[in-house]
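Remarks on the structure that follows.
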Amino acid sequence: MTSLDQNGLQSQTRCPLSLVAITGTRGKSTTAWLLYRMVRAQRWSAALWCSSGVFVDERQLEGELQPWTSVVRALRTGDLDLAIQELEAPVVATVGLPPAIYRAGAVTTLCGNDDSCLLAPATRYAARAHEIVARAIHPHGFIVLNADDPDVLALAEESHARVIFFALHPENPVLRRQRDARQPAIWYDDGVIVANRALYDCHAQFAWDAQKTEDDALPNSSAFLERAETHSERDEFPVIAVREAPVTLGGALLFQVQNVLCATALALGLGVSVPAIQATLRTFLPTHDLLPGSCNLFFLRDLIVLLDSARDPWTLRTLLRGVRQTNPRKVFVVTHGFPWLSREDLREIGRILGRVTGMILLSEPMGDERFGAFREGVVENVLPPVIVTQPDLPQALQAALALARPGDLCLVLASDPWRTGETIRRIIAGYGT
């Protein structure tokens with residue numbers, strides 16, 4: 001065994017604790033919460049350490065490091081079945097992780113096929129952190145990787161664990177090879193999440209490997225082995241139609257479909273039942289109090305309000321693709337001024353937002369030079385939207401919601417997601433819905 005790290009974790013040379021690590025530049029919070037809800041739907045006792053705190057079963061604990069140490073202790077004594085840890089890249093890249101401590105892990109995305117993000121210093125931190133996480137997965141465990149992101153694929157070489165790939169298309173070349181080799185995979189096909197038998201049997205295989213390594217391996221491993229031996233011989237299994245998962249907005253938000261794929265892969269690999277997974281996906285919606293900074297959804301009669309904390313052009317580009325695929329009548333964008341971006345990047349933000357058919361409402365004043373750069377980007381589009389400056393966020397939101405009509409979508413870009421979410425909640429409550 002290696003020495004303890006600052007979180008009370010040890011390198012495991014035999015059978016690891018039931019710890020799951022989730023990291024990535026986007027989607028890790030949503031994936032972590034999805035998995036946590038799936039595990040709880042399975043009636044397992046579980047813990048989650050994420051950006052909004054430490055949760056054990058249905059309650060939030062005070063603090064972070066001390067409660068997490070108690071969580072690890074409870075895993076060792078068997079008082080908890082599973083613990084999920086959302087890992088932030090700067091911390092992992094700076095502090096590191098002991099090798100082979102996690103039973104399972106996932107990397108949601110790095111750049112998502114957008115080479116411009118590779119130039120950002122934060123991306124280099126993230127890439128280094130992802131390698132550390134890949135090496136921290138136990139050889140008898142598994143790691144879930146995004147086959148649609150070339151910069152994530154390379155992590156398969158960094159990990160000694162079994163690899164599970166997910167992709168948005170069944171003919172993704174990497175996924176296709178994985179399927180042909182009868183290795184675990186999950187994908188999106190014509191509106192349906194589909195998994196292969198190798199993924200369905202993944203937990204049984206882990207239990208078998210662990211049992212060969214340590215006599216008192218995982219509880220109920222024989223039950224999962226029996227499950228693998230007795231179910232149908234089909235090689236592919238539909239899990240759920242994405243139209244049943246509100247978090248995806250009917251499949252329009254492809255980045256949320258990817259999060260669903262990742263969380264479902266983790267859940268199946270851990271032995272969560274398909275009914276528990278389906279029940280979670282049919283009811284889950286990310287909220288600003290539990291997932292600040294994630295893509296949050298609000299509904300006002302027939303109007304969709306989408307709150308996100310996209311901070312750079314490449315994440316905003318992905319978000320706008322999803323917005324356009326919802327086919328809204330008009331889009332009202334409420335945005336801050338991106339003060340941390342260069343003038344060139346701000347112009348690109350304007351160009352991306354200028355593709356919407358509706359209105360852009362600035363929720364804070366910009367200097368003349370920065371407003372000029374933003375406007376230059378907006379008017380590069382053939383039919384640019386109107387730009388309106390508002391004194392502050394509440395007035396910008398009030399104006400957008402007053403102008404919007406059924407079938408429209410209001411996109412809110414927040415520098416302070418929790419405060420913005422609270423403001424949206426209060427305004428919607430004032431409408432009596």
- prompt: Taking springs between alpha-carbon atoms closer than 10 angstrom, which of Gln42, Gln278, Gln60 fluctuates most in the Gaussian network model of the chain?
  reply: Gln60
field: Solvent-accessible heavy-atom area per residue, rounded to whole Å², over the stretch 276-331 at 1.4 Å
entry: 40 Å²
- prompt: Rounded to the nearest 5, what % of the DSSP beta bridges within the chain are antiparallel ones?
  reply: 35 percent
field: Pairs of alpha carbons in the stretch 293-433 whose separation is greater than 23 Å (percent)
entry: 26 percent
task: Keeping the other protein chains in place, figure out the carbon and sulfur percent of the accessible area of the chain, with a 1.4 Å probe.
output: 51 percent
- request: Quick one: Debye curve from the alpha-carbon atoms of the chain only, equal weights, vacuum; give me log10 I(q)/I(0) at q = 0.06, 0.08, 0.10, 0.13 Å⁻¹ to two decimals.
  value: -0.26, -0.45, -0.70, -1.14
- request: Rounded to whole Å and ordered largest first, report the semi-axes of the equivalent ellipsoid of the stretch 23-144 derived from its Cα gyration tensor (root of 5λ).
  value: 26, 15, 14
- request: Within the stretch 284-358, list the chymotrypsin sites (Phe, Trp or Tyr not before Pro) lying in a DSSP loop whose Cβ has at most 14 other Cβ atoms in a 10 Å radius.
  value: Trp340
- request: Report the GluC sites (Glu not before Pro) located in the stretch 14-78 that are in a DSSP loop and have at most 10 other Cβ atoms inside 10 Å of their Cβ, or state none.
  value: Glu58, Glu62
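The values are calculated or read from the model by the stated rules, or taken from the named source; none is laboratory data. Since this is a predicted model, take the numbers as computed values, not measurements. All Cβ positions, even for glycine, are placed from backbone atoms using ideal geometry, and neighbour counts span all protein chains on display. Note: areas computed on protein heavy atoms with side chains; ligands, DNA, RNA excluded. Shrake-Rupley method; radii C 1.70, N 1.55, O 1.52, S 1.80 Å.
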